[in-house]
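Contents: one structure, followed by commentary.
The values are calculated or read from the model by the stated rules, or taken from the named source; none is laboratory data. Everything numeric here is computed off the predicted structure, so don't read it as measured data. A quick note on method: Cβ atoms are made from the backbone with ideal geometry, for glycine too, and the neighbour counts reach across all protein chains shown.
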Amino acid sequence: MTKSDKEKWDRKYAREDLYQEVSRVVLAYQHWIPSEGKALDVAGGTGRHAIWLAQRGLDVSLVDVSSEALRRAAIRAFEAGVELTTFCRDLDSGLPEGKWDFIFSNLFFDRRLFPCFGEALAPGGRLMVIQPTQTNATRHQKPPWKFLPSDNELPELAAGLDILLYETGWLQEGRFDAVLVAKSPFEVP
């Protein structure tokens, strides 16, 4: 991501309240989400899911390129009575260091991160990715085509992880989404 991209996101978050309720797709698949351990919300913006994950009992870190989004997330977390650790980081340089029990990515797609996901999961840790696919572009202009995986690409990208669930379809929010839940194959002794 370029410096101008970061500045664009900071400006966007500064002028618009982009905070939304927890995604209905996430709520439909919440039984796959653990309620304890260390969680990483990838490109989570103003923290709508990070705060919800913390309310479920997870120790949540939120990484995003926008310092303005993270500032707003910290305020909302305080108001909600939960703690978040935030990392202002361009994900082109990878994920924050750590071993995560749960890595969550919603509406952010970068093929280059999938090997990082596998390496960053703790033994037995779970990855959940919710992402519109190329079929979504048949009805919607956003996200743009270049940010959409093919309908069956996510399981291939999660090579080395045990796939627990993979579904695609016109889901709760009117997008053609893929939902991937995968697990690190190494169980905690």
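Values as computed for the structure displayed
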read-out	value
Leu121 in contact with a Leu (Cβ under 7 Å, 6 or more places away or on another chain) and closer than 30 Å to Gly174 by Cβ	no
Unique residue being surrounded by fewer than 17 Cβ atoms within 10 Å (Cβ to Cβ) and within 19 Å of Ala182 (Cα to Cα) when the list is Leu27, Leu58, Leu53	Leu27
Leading residue by the ranking (modelled with the lowest pLDDT) among those in segment 173-189 that are surrounded by fewer than 16 Cβ atoms within 10 Å (Cβ to Cβ) and within 20 Å of Ile33 (Cα to Cα)	Val188
When residues of segment 107-130 are limited to those that are in a strand (DSSP E or B) and in contact with a Lys or Arg (Cβ under 9 Å, 6 or more places away or on another chain), the one farthest from Leu53 (Cα to Cα)	Pro123
Some residue of segment 143-151 being within 15 Å of the chain's Cα centre (by Cα) and hydrophobic (A, V, I, L, M, F, W, C)	yes
Filtered residues of segment 131-172 (kept if assigned to a helix (DSSP H, G or I), modelled with pLDDT under 95 and either touching a helix residue (DSSP H, G or I) at 6+ places or on another chain (Cβ under 7 Å) or not β-branched (Val, Ile, Thr) (or both))	Gln134, Asn136, Ala137, Trp145, Lys146, Phe147
Near pairs, Cβ below 7 angstrom, 6+ apart or cross-chain, from segment 50-66 (closer than 15 Å to Glu36 by Cβ) to any residue that is part of a helix (DSSP H, G or I)	Ala54/Ala77; Gln55/Ala80; Val60/Ala50; Val60/Leu53; Val60/Ala54
Segment 50-108, subset among the charged types (D, E, K, R) and more than 26 Å from Gly124 (Cβ to Cβ), residue nearest to the chain's Cα centre (by Cα)	Asp64
Matching residues in segment 141-154 - criterion: being surrounded by fewer than 14 Cβ atoms within 10 Å (Cβ to Cβ) and either closer than 15 Å to Arg111 by Cα or of a type outside the set (Lys, Arg) (or both)	Gln141, Pro144, Trp145, Lys146, Ser150, Asn152
Residue in segment 158-165 that is within 15 Å of the chain's Cα centre (by Cα) and surrounded by 14 or more Cβ atoms within 10 Å (Cβ to Cβ) present	yes
Residue check for Pro185: more than 17 Å from the chain's Cα centre (by Cα), over 27 Å from Lys12 (Cα atoms) and part of a strand (DSSP E or B)	no
Residue under evaluation Phe78, criteria (1) in contact with a Gly (Cβ under 7 Å, 6 or more places away or on another chain); (2) at pLDDT 95 or above; (3) among the hydrophobic types (A, V, I, L, M, F, W, C), criterion not met	(1)
Of all residues in segment 83-139 being small (Gly, Ala, Ser) and under 21 Å from Val65 (Cβ atoms), the one that is surrounded by the fewest Cβ atoms within 10 Å (Cβ to Cβ)	Ser93
